[in-house]
Amino acid sequence: AQSVSQHNHHVILSEAASLELGCNYSYGGTVNLFWYVQYPGQHLQLLLKYFSGDPLVKGIKGFEAEFIKSKFSFNLRKPSVQWSDTAEYFCAVNGYGGSQGNLIFGKGTKLSVKP
Amino acid sequence: GAGVSQSPSNKVTEKGKDVELRCDPISGHTALYWYRQSLGQGLEFLIYFQGNSAPDKSGLPSDRFSAERTGGSVSTLTIQRTQQEDSAVYLCASSSPGLERYFGAGTRLSVL
């Protein structure tokens, strides 16, 4: 069965610090990978996605993620965080061969950025 | 509509009662998904509708949970004989096939 692990439950950073949130998945086949963000009081929204091609994908608000197939990882990065990045971040995977509906989410990482 | 609309936004019910949660997807989106978000547990897939195909119900946690989608648009998630462990935020999302899912704001269900 597919699963997604997010290593950190809660990350606290100061503004301008660099961010890396870990995400590992278990699925041996071709995958689609996603990072979603949920700002306080708002809907879940897509930050970035990887389907194929360049394993370094860029998303909104300066975020990027790198797909490393050999490590089954899709870590999220941002060189310099802002207070407005305070949110909960969810990694998700949809493996080919599984139901298109079954997007498996990690448990989320809460990011708190101190001004 | 402009986005995925869910109602009610909050629902408080007594243990043993039935509840219905509604989702109105983005117009034209053929795919509709229900998820459950529990504190510290991330998002749990419940059910998926795609067009006129039979829904994928593999994520429904028990036979007390059911969902339907009428006319390929609005969906209703029904929980019968609610239990306290059903308390969670129920999220609906819609998409065009294979494309980005757009999420609603969710229904926060509290079972007393």
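The values are calculated or read from the model by the stated rules, or taken from the named source; none is laboratory data. What you see is a predicted model, and the numbers here were worked out from it, not measured in a lab. Don't worry about glycine lacking a Cβ; one is built from the backbone with ideal geometry, like all the others, and counts go over all protein chains shown.
Residues being part of a strand (DSSP E or B) and facing another protein chain (nearest Cβ under 10 Å): count how many of those fall in region B:71-111.
Taking region B:71-111 and keeping what is part of a strand (DSSP E or B), we get B:75-79, B:88-95, B:102-103, B:107-111.
Next, only the ones that are facing another protein chain (nearest Cβ under 10 Å) stay: B:91, B:93, B:95, B:102-103.
Within region B:71-111, residues that are part of a strand (DSSP E or B) and facing another protein chain (nearest Cβ under 10 Å) number 5.
Out of curiosity, is residue B:68 more than 29 Å from residue A:9 (Cα to Cα) and surrounded by fewer than 12 Cβ atoms within 10 Å (Cβ to Cβ)?
Answer is no for this residue.
Among the residues making up region B:1-27, those that are out of contact with any Gly (no Cβ under 8 Å at 6 or more places or on another chain), within 17 Å of residue B:68 (Cβ to Cβ) and not in a loop (DSSP other than H, G, I, E, B) are B:7, B:19, B:20, B:21, B:22.
Beta carbons closer than 8 Å, at least 6 apart along the sequence or on distinct chains, pair a first residue in region A:10-34 that is at pLDDT 95 or above with a second that is acidic (Asp, Glu) for A:19/A:85.
Cβ separations smaller than 9 Å between residues 6+ apart or across chains give the following pairs from region A:36-48 residues that are in contact (Cβ under 8 Å) with a residue 40 or more places away in the chain and surrounded by fewer than 15 Cβ atoms within 10 Å (Cβ to Cβ) to residues that are in a strand (DSSP E or B) and of a type in the set (D, E, K, R): A:39/A:88; A:40/A:88. You will find that of B:39, B:43, the residue that is surrounded by 14 or more Cβ atoms within 10 Å (Cβ to Cβ) and either within 10 Å of the chain's Cα centre (by Cα) or free of Cβ contacts under 8 Å to residues at least 60 places away in the same chain (or both) is B:43 and no other. Would region B:28-42 turn up any residue that is part of a strand (DSSP E or B), farther than 25 Å from residue A:92 by Cα and in contact with a strand residue (DSSP E or B) (Cβ under 8 Å, 6 or more places away or on another chain)? No: region B:28-42 contains no residue that is part of a strand (DSSP E or B), farther than 25 Å from residue A:92 by Cα and in contact with a strand residue (DSSP E or B) (Cβ under 8 Å, 6 or more places away or on another chain). Considering (1) farther than 17 Å from residue B:105 by Cα; (2) polar (S, T, N, Q); (3) at pLDDT 95 or above; (4) touching a Gly at 6+ places or on another chain (Cβ under 9 Å), the lone condition that residue B:66 does not fulfil carries the number (4). The set of residues in region A:69-91 that are surrounded by 13 or more Cβ atoms within 10 Å (Cβ to Cβ) and more than 12 Å from chain B (Cβ to nearest Cβ) comprises A:72, A:73, A:74, A:75, A:76, A:77, A:78, A:81, A:82, A:85, A:86, A:87. Selection of region B:25-36 for residues being without any contact (Cβ under 8 Å) to a residue 60 or more places away in the chain and away from chain A (no Cβ under 11 Å) yields only B:27.
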